[in-house]
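Asker: Have a look at this one.
The values are calculated or read from the model by the stated rules, or taken from the named source; none is laboratory data. Since this is a predicted model, take the numbers as computed values, not measurements. Here the Cβ positions follow ideal geometry from the backbone for every residue, glycine too, while neighbour counts run over all protein chains shown.
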Amino acid sequence: MFAEEKSIQLKIEHLTKSYALKSGFFDRQKGTIKAVDDVSFTVRNGEIFGLVGESGCGKTTTGRLILRVLEPNGGDIMWYNNPGEPVNLCRLSNKKMRPFRQKMQMIFQDPYSSLDPRMTVMQIVGEPLRAGRKIPMREYKARIADALNFVRLHPEMMNRYPHAFSGGQRQRIGIARALITKPDLVVADEPVSALDVSVQAQILNLLQELQSALNLTMIFIAHDLSVIRHICDTVAVMYLGRLVEVADRTLFFQTPRHPYSEMLFDAVPGLKNRKANEHMSKNFMNDETLCPSGCLFFSRCRYKQALCREQAPTLKAVSPGHNVACHFDLELKGI
Amino acid sequence: MDQKNILLKVENLKIQFKQRHGIVTAVEDVSFQIQKGSIIGMVGESGCGKSVTSRALLRLEAPGYIERGKISYYPPNRPVVKIDQLAPRKEKIRTIRWRDISMIFQEPMTSLGAMHSIGNQVGEAIRLHLRTDKKTTKRKVIESLRSVGLPRPEYIAKQYPHQLSGGMRQRVMIAMALSCNPNLLIADEPTTALDVTTEAQILDLLLERQQALGMAVLYITHNLAVISKVAEKIIVMYLGRIIEEAASDVLFYAPKHPYTRALLRAMPKITAPLQKKLSTIAGEVPDPIHRPFGCTFHPRCTEKISGLCDRTVPPYVQADDSIVACHLFSKLKND
Amino acid sequence: MKGYAKVINLQNINTKTVNRPLAPLDHYAASQWKLMWLKFREHKLAFVGLTVLLIFYIIVLFAPVIAPYDPWEDTPSLYAPPTRIHFFHQGKLMPPFVYQRKMRVDYQTFDRFFEVDKTVVHPVRFFTKGFEYHWLGIFKCNIHLFGTTDGVAIHLLGADMLGRDVFSRSIWGTQISLTVGLIGVFLTFILGCIIGGFAGYYGGAVDSILQRVMEFVTCIPTIPMWMALSATIPSEWSNVKVYFAITIILALRSWTGLSRQVRSKLLQLREEDFVVAAKVAGTSDWKIILTHLLPGFTSYLIVSLTLEIPKMILGETTLSFLSLGLRPPTVSWGVLLQDAQNLAAISAYPWLMFPAVLVVLAVLAFNFVGDGLRDAADPYK
């Protein structure tokens, strides 16, 4: 897919996670919900990989699967070590996974529930350090102070509890916790969407700065296209558990190819004159039922054809660095 | 703008909360007016008092209380109602709620009862206020559900809130709020909990209904972009005070107050050329308990005049087409 | 926009309005327990309850010292009414004293009269020597908080049908009645934590089965279950054995509520982001349980345990009152109340009801404290 194999950090192949749908008195299994359905993508070393979609599209699940917080039902997660062969994270036992845990961390959306209110900042930020190995107290404290300095918090605040901090400061603490082990990969799950607008920009800048300073590879999950455009190098759009479009930032924001991406663009607040955009409110859900054999976006698609009902499109390259899962993306846009 | 067209007038409103550590002023010296059939946007970050202000219009400000100020409602063909003098729990204000001024909230699930079907709840609202008989009520319910674009309204009326998606629930709330043809609709962050595409649909729907019914809308949001293309006039609040008020276009293209300017710069935009770094506003919104002296924004302001901004509250002044509360402009006037 | 300038009357705005910042919250480095204490203190009733409980448990600890008489010692003053403490002797103010009373029986009606001998003053002394006891079961001692030196009895709350001092018996009863609750709650705690923990941590089938068991136990009516269980206690068992059997019976009924709470709290905490963060950090499962989950719900556990104690106290009282629990000669509040079972006894000798007052006081105090703790349990809200 991408140019040099060398710079690959992470390769996700056919990742799948499904949940049993139970109902009735005896919890009979009625079927399965595929939260993540056959998702494959490659993340290059040092890039910020954006994952966009609406709530329930599986972007958060994907992030958690990569970190092995959730166990996938199928697929591979290939981790490219600097020297040596790639390791398949899905095949590792919990114990063997432990050394890799130090190399991959997570930043959460909710700055309130992601910090244990009963722990001091020192305990929170130091948790990944403590989990790895025994560490002398002096080094432990010094590294926490370093991490706090990194996110522009005063190390003196180490002994305070999270309730002493505002939302933005709490998010900084969360970032310090994620970076204290000097990880290679960070999954940032909507890190700014719960923050005030004036604080969002600070956190975005901080993330960007730290990413380039530490040469971090980052998977950035968001629902806001303008944030994605600002920070990400590659954009992947997810819809109902599947990737519908993966492209370089410039390509994606110049010409979004998938009808769903187009819909996301239409929905960006303040972009279009709303009054001229009435088709959206009218045909928003003619048919809520999904098309099991065909394209998942069928019921909401503006350009749907007979073929879309029968056959599910696969992700294919339409130009270098631009992959779309749509039968008619070229014809319909007149390209 | 002539006096005849005014629907609601708020003058020098001050709302306080009694707390453990003393009295907290949530809203201070807020004055604005809403013209018949206009759309007003009210924007601000957390703790700016926008929600409290809007609730006070319906006397739902508890546990806070109106310390000072006037809220006058001018219903067409009826004498003026002094809302601030009504008892919050008595009959008088209840007839105004829903019928004259209605409100929709951020989380529709909390305002819809879980134990009653959609049809019953919408019907209840209609019957209570319009005193219609059973048959008319039923017809009106179906009518109002259809008017908000819900497919198969007869079927939806039999559903329960948990069976609907967030977007559909918000549509039901809008149907309920508009069922009595109010003169003013207060929308308190109605789309914040929704997905971007759903948000766009709800916004379109509100606009469409507004045009069809000719009511005024007070749209409260933390996201400037959401209402940029919708509102005629935008009120920006910061820490309990209005700091700027202008027509939507004026606010966007020629913002006056340093806060508004910084806020607009700090938002990543989908169309503007990419910046390496977002410009930020230093610090965070202080807790309302620790409101700064003088201009509440001065600790974060890059253009503050020391000795003035940190001592005295800036008065509202007319600057070009905006009304601003900033010493930069009041000083210019005086010189 | 010009018309707007009218609305905003510039002269009216007091530009000197200053918002005095309130005192900063000093809680920044305060731990959960400190925050809880700060919040608990605001709850006035809970604070009163806590004081009452403290007094009660001081009584438990020093019962033989506070009680002036041997609770099992028969005296001839059957059903003696409470002794009055006097301060005036023939119009003169004096330190507290009592008069001696003599019982006279009218042998035709068998009515008893108490004649007060108002000539001799018997001063009330503190820390007097009286009957011998082993304090805490070890120290041999004969000091009592109050009494007279010349052997004249002070029945603060009268005497019962064998002439035993009701006050002393109530004080001794406190020991049993208030500790039954503690030991019972301890057993409840162990049962509830283990069973609820299993259900919440493993989930799935284990959870389903344990849930059904809990529901089954809650379905059994309380009093018949107690009666059935206590009927199985052999009558030849010693007092100590019966006492423990009763606590076990009480605990067998009350663990369900606690285990349910443990389970739901575990399920809720398991989904919190900070637990996920700990997993991402590579923290092992048992460490997550110890450092995140357990501290997360100990405060809730304490609350429900506090509210469980009064139920235990009431349970013991009920069982003993119905002669199903502790039996004389053991003294507990329930056993004492057996004497006040009929209306005649209550109307003629109302002082026999005194243990009921203690029961109400203790239960109320526990409930108030529990309420206060519940409000304080989550100081982050």
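Asker: Are any residues in the stretch B:32-53 of a type in the set (D, E, K, R) and assigned to a loop (DSSP other than H, G, I, E, B), and if so, which ones? Before you say what the answer is, go through the steps one by one.
Answerer: Taking the stretch B:32-53 first, the residues of a type in the set (D, E, K, R) are B:36, B:45, B:50.
Matches in the stretch B:32-53: B:Lys36, B:Glu45.
Asker: While we're here: Report, by residue number, each residue of the stretch B:276-292 that is within 21 Å of B:Ser46 (Cβ to Cβ) and part of a loop (DSSP other than H, G, I, E, B).
Answerer: Of the residues in the stretch B:276-292, the ones within 21 Å of B:Ser46 (Cβ to Cβ) are B:278-292.
Correct list: B:Leu278, B:Ser279, B:Thr280, B:Ile281, B:Ala282, B:Gly283, B:Glu284, B:Val285, B:Pro286, B:Asp287, B:Arg291, B:Pro292.
Asker: Shifting gears a bit: Could you tell me whether the stretch B:161-184 includes any residue that is surrounded by 22 or more Cβ atoms within 10 Å (Cβ to Cβ), within 9 Å of chain A (Cβ to nearest Cβ), touching a residue at least 60 places away in the same chain (Cβ under 8 Å) and not in a loop (DSSP other than H, G, I, E, B)?
Answerer: Scanning the stretch B:161-184 turns up no residue that is surrounded by 22 or more Cβ atoms within 10 Å (Cβ to Cβ), within 9 Å of chain A (Cβ to nearest Cβ), touching a residue at least 60 places away in the same chain (Cβ under 8 Å) and not in a loop (DSSP other than H, G, I, E, B).
Asker: Tell me which residues, restricted to the stretch B:278-297, are within 9 Å of another protein chain (Cβ to nearest Cβ), touching a strand residue (DSSP E or B) at 6+ places or on another chain (Cβ under 9 Å) and either without any contact (Cβ under 8 Å) to a residue 40 or more places away in the chain or within 21 Å of B:Ala246 (Cβ to Cβ) (or both).
Answerer: B:Thr296
Asker: I've got another one for you. Give me the residue from the stretch C:353-367 that is out of contact with any Leu (no Cβ under 8 Å at 6 or more places or on another chain) and surrounded by fewer than 18 Cβ atoms within 10 Å (Cβ to Cβ) and, out of that set, farthest from C:Ser170 (Cα to Cα). Break it down stepwise before answering.
Answerer: Within the stretch C:353-367, the first condition is being out of contact with any Leu (no Cβ under 8 Å at 6 or more places or on another chain), and the residues that meet it are C:357-358, C:360-361, C:364.
With surrounded by fewer than 18 Cβ atoms within 10 Å (Cβ to Cβ) added as a condition, the list becomes C:357, C:360-361, C:364.
On the way: C:Val357: 10, C:Val360: 13, C:Leu361: 13, C:Leu364: 18 Å.
Among residues in the stretch C:353-367 that are out of contact with any Leu (no Cβ under 8 Å at 6 or more places or on another chain) and surrounded by fewer than 18 Cβ atoms within 10 Å (Cβ to Cβ), the one farthest from C:Ser170 (Cα to Cα) is C:Leu364.
Asker: Another question, if that's okay. Of all residues in the stretch C:55-68, count the ones that are assigned to a loop (DSSP other than H, G, I, E, B) and surrounded by fewer than 21 Cβ atoms within 10 Å (Cβ to Cβ).
Answerer: Taking the stretch C:55-68 as the starting set, the residues that turn out to be assigned to a loop (DSSP other than H, G, I, E, B) are C:67-68.
Subsequent filtering for residues that are surrounded by fewer than 21 Cβ atoms within 10 Å (Cβ to Cβ) retains none.
Count: 0.
Asker: Could you identify the single residue in C:Pro310, C:Pro329 that is surrounded by fewer than 24 Cβ atoms within 10 Å (Cβ to Cβ), of a type outside the set (A, V, I, L, M) and modelled with pLDDT of 85 or more?
Answerer: On the way: C:Pro329 fails: modelled with pLDDT of 85 or more.
Result: C:Pro310 is the single residue among C:Pro310, C:Pro329 that is surrounded by fewer than 24 Cβ atoms within 10 Å (Cβ to Cβ), of a type outside the set (A, V, I, L, M) and modelled with pLDDT of 85 or more.
Asker: Might you check whether a residue that is assigned to a loop (DSSP other than H, G, I, E, B), of a type in the set (A, V, I, L, M) and out of contact with any Lys or Arg (no Cβ under 6 Å at 6 or more places or on another chain) occurs anywhere in the stretch B:16-31? Talk me through it step by step, then tell me what you get.
Answerer: First, pick out the residues of the stretch B:16-31 that are assigned to a loop (DSSP other than H, G, I, E, B): B:20-21.
Retained after the next criterion (residues that are of a type in the set (A, V, I, L, M)): none.
The answer is no; no qualifying residue exists.
Asker: Pairs please, first residue from the stretch C:309-324 and over 22 Å from C:Trp237 (Cα atoms), second anywhere and part of a helix (DSSP H, G or I), Cβ atoms under 6 Å, 6+ apart in sequence or on different chains.
Answerer: Pairs that qualify, where the first residue is over 22 Å from C:Trp237 (Cα atoms) and the partner is part of a helix (DSSP H, G or I), are C:Ile309/C:Gly181; C:Ile309/C:Val185; C:Ile309/C:Phe366; C:Pro310/C:Val363; C:Pro310/C:Phe366; C:Pro310/C:Asn367.
Asker: Say whether the condition of being at pLDDT 90 or above, of a type in the set (Lys, Arg) and either within 20 Å of A:Ala188 (Cβ to Cβ) or touching a Lys or Arg at 6+ places or on another chain (Cβ under 9 Å) (or both) is met by at least one residue in the stretch A:139-161.
Answerer: no
Asker: Now a separate question. Answer with yes or no whether C:Thr298 is within 14 Å of another protein chain (Cβ to nearest Cβ), under 30 Å from C:Gln175 (Cα atoms) and either in contact with an Asp or Glu (Cβ under 9 Å, 6 or more places away or on another chain) or of a type outside the set (Asp, Glu) (or both). I'd like the intermediate steps shown before the answer.
Answerer: Working: within 14 Å of another protein chain (Cβ to nearest Cβ): yes; under 30 Å from C:Gln175 (Cα atoms): yes; either in contact with an Asp or Glu (Cβ under 9 Å, 6 or more places away or on another chain) or of a type outside the set (Asp, Glu) (or both): yes.
Yes.
Asker: Go through the stretch C:191-219 residue by residue and tally those that are among the hydrophobic types (A, V, I, L, M, F, W, C) and loosely packed, with under 13 Cβ neighbours inside 10 Å.
Answerer: Step one: filter the stretch C:191-219 for residues among the hydrophobic types (A, V, I, L, M, F, W, C), giving C:191, C:193-195, C:198-199, C:205-206, C:209-210, C:213-214, C:216-217, C:219.
Narrowing the set further to residues that are loosely packed, with under 13 Cβ neighbours inside 10 Å leaves C:205, C:209, C:216, C:219.
Result for the stretch C:191-219: 4.
Asker: When you scan the stretch B:228-238, do you find a residue that is over 15 Å from the mean Cα position of the chain (by Cα) and within 12 Å of another protein chain (Cβ to nearest Cβ), even just one? Give the steps one after another, and end with the answer.
Answerer: Let us first name the residues in the stretch B:228-238 that are over 15 Å from the mean Cα position of the chain (by Cα), namely B:229.
So of that shortlist, the ones also within 12 Å of another protein chain (Cβ to nearest Cβ) come out as B:229.
So far as the stretch B:228-238 goes, yes, one or more of its residues are over 15 Å from the mean Cα position of the chain (by Cα) and within 12 Å of another protein chain (Cβ to nearest Cβ).
Asker: With the requirement that a residue be at pLDDT 90 or above, surrounded by fewer than 23 Cβ atoms within 10 Å (Cβ to Cβ) and not in a helix (DSSP H, G or I), what does the stretch A:236-285 give you?
Answerer: A:Asp248
Asker: How about the stretch A:183-220: which of its residues are away from chain B (no Cβ under 13 Å), within 16 Å of the chain's Cα centre (by Cα) and under 23 Å from A:Arg143 (Cβ atoms)?
Answerer: Matches in the stretch A:183-220: A:Asp184, A:Leu185, A:Val186, A:Val187, A:Ala188, A:Pro191, A:Leu216, A:Thr217, A:Met218.
Asker: Output the helices (runs of 4 or more DSSP H) that fall wholly within the stretch A:75-182 and possess 1 or more residues being away from chain C (no Cβ under 14 Å) and out of contact with any Cys (no Cβ under 9 Å at 6 or more places or on another chain), or say none. Give the steps one after another, and end with the answer.
Answerer: Working: elements: A:94-101, A:121-132, A:137-150, A:167-179.
Helices (runs of 4 or more DSSP H) meeting the threshold: A:137-150, A:167-179.
Asker: Only residues that are surrounded by fewer than 16 Cβ atoms within 10 Å (Cβ to Cβ), in a loop (DSSP other than H, G, I, E, B) and either within 8 Å of chain A (Cβ to nearest Cβ) or of a type in the set (Asp, Glu) (or both): list them for the stretch B:246-275, please.
Answerer: B:Thr271, B:Leu274, B:Gln275
Asker: Now a separate question. Among the listed residues B:Gly123, B:Gly113, which satisfies the condition of being away from every other protein chain (no Cβ under 14 Å) and at pLDDT 85 or above? Don't jump to the end; show me each part of the working.
Answerer: Working: B:Gly113 fails: at pLDDT 85 or above.
The conditions single out B:Gly123.
Asker: Which residues, taken from the stretch A:227-250, are farther than 16 Å from A:Glu262 by Cβ and either within 13 Å of another protein chain (Cβ to nearest Cβ) or in contact with a Ser or Thr (Cβ under 7 Å, 6 or more places away or on another chain) (or both)?
Answerer: Listed by number, the residues that qualify are A:Val227, A:His230, A:Ile231, A:Cys232, A:Asp233, A:Leu240, A:Asp248, A:Arg249, A:Thr250.
Asker: Could you look through the stretch B:298-317, keep only residues that are within 11 Å of another protein chain (Cβ to nearest Cβ) and under 20 Å from B:Ala282 (Cβ atoms), and pick out the one that is surrounded by the most Cβ atoms within 10 Å (Cβ to Cβ)?
Answerer: Taking the candidates together, the pick is B:Pro314.
Asker: Out of all the residues in the stretch A:163-195, which are buried (at least 23 other Cβ atoms within 10 Å of the Cβ) and closer than 19 Å to B:Leu224 by Cα?
Answerer: A:Val192, A:Leu195
Asker: With a cut-off of at least 1 residues that are over 30 Å from A:Pro111 (Cβ atoms) and out of contact with any helix residue (DSSP H, G or I) (no Cβ under 6 Å at 6 or more places or on another chain), name the helices (runs of 4 or more DSSP H) lying wholly within the stretch C:183-287.
Answerer: Values: elements: C:204-219, C:222-231, C:239-270, C:273-280.
The helices (runs of 4 or more DSSP H) meeting that bar are C:204-219, C:222-231, C:239-270.
Asker: Select from the stretch B:190-220 the residues that are within 22 Å of B:Lys50 (Cα to Cα) and part of a loop (DSSP other than H, G, I, E, B) and list them in ascending order.
Answerer: Of everything in the stretch B:190-220, those that are within 22 Å of B:Lys50 (Cα to Cα) and part of a loop (DSSP other than H, G, I, E, B) turn out to be B:Pro190, B:Thr191, B:Thr192, B:Ala193, B:Leu194, B:Met215.
Asker: If we keep just the residues of the stretch C:267-295 that are free of Cβ contacts under 8 Å to residues at least 12 places away in the same chain and among the polar types (S, T, N, Q), which is nearest to the other protein chains (Cβ to nearest Cβ)?
Answerer: Here the answer is C:Thr283.
Asker: Moving on to the next point. Take A:Asn205 and tell me if it is in contact (Cβ under 8 Å) with a residue 24 or more places away in the chain and of a type in the set (S, T, N, Q).
Answerer: Working: in contact (Cβ under 8 Å) with a residue 24 or more places away in the chain: no; of a type in the set (S, T, N, Q): yes.
No; evaluated as a whole, the condition is false for this residue.
Asker: Examine the stretch B:200-222 for a residue that is under 30 Å from A:Gly56 (Cβ atoms) and of a type in the set (Gly, Ala, Ser), and state whether such a residue exists.
Answerer: So the first thing to find is which residues in the stretch B:200-222 are under 30 Å from A:Gly56 (Cβ atoms), and the list is B:200-210, B:217, B:219-222.
If we keep only those that are of a type in the set (Gly, Ala, Ser) too, we end up with B:200.
Checking the stretch B:200-222: at least one residue is under 30 Å from A:Gly56 (Cβ atoms) and of a type in the set (Gly, Ala, Ser).
Asker: Return yes or no: is C:Glu272 buried (at least 22 other Cβ atoms within 10 Å of the Cβ) and acidic (Asp, Glu)? Even if it seems obvious, please write down each step before you answer.
Answerer: Working: buried (at least 22 other Cβ atoms within 10 Å of the Cβ): no; acidic (Asp, Glu): yes.
So C:Glu272 does not fit the description; no.
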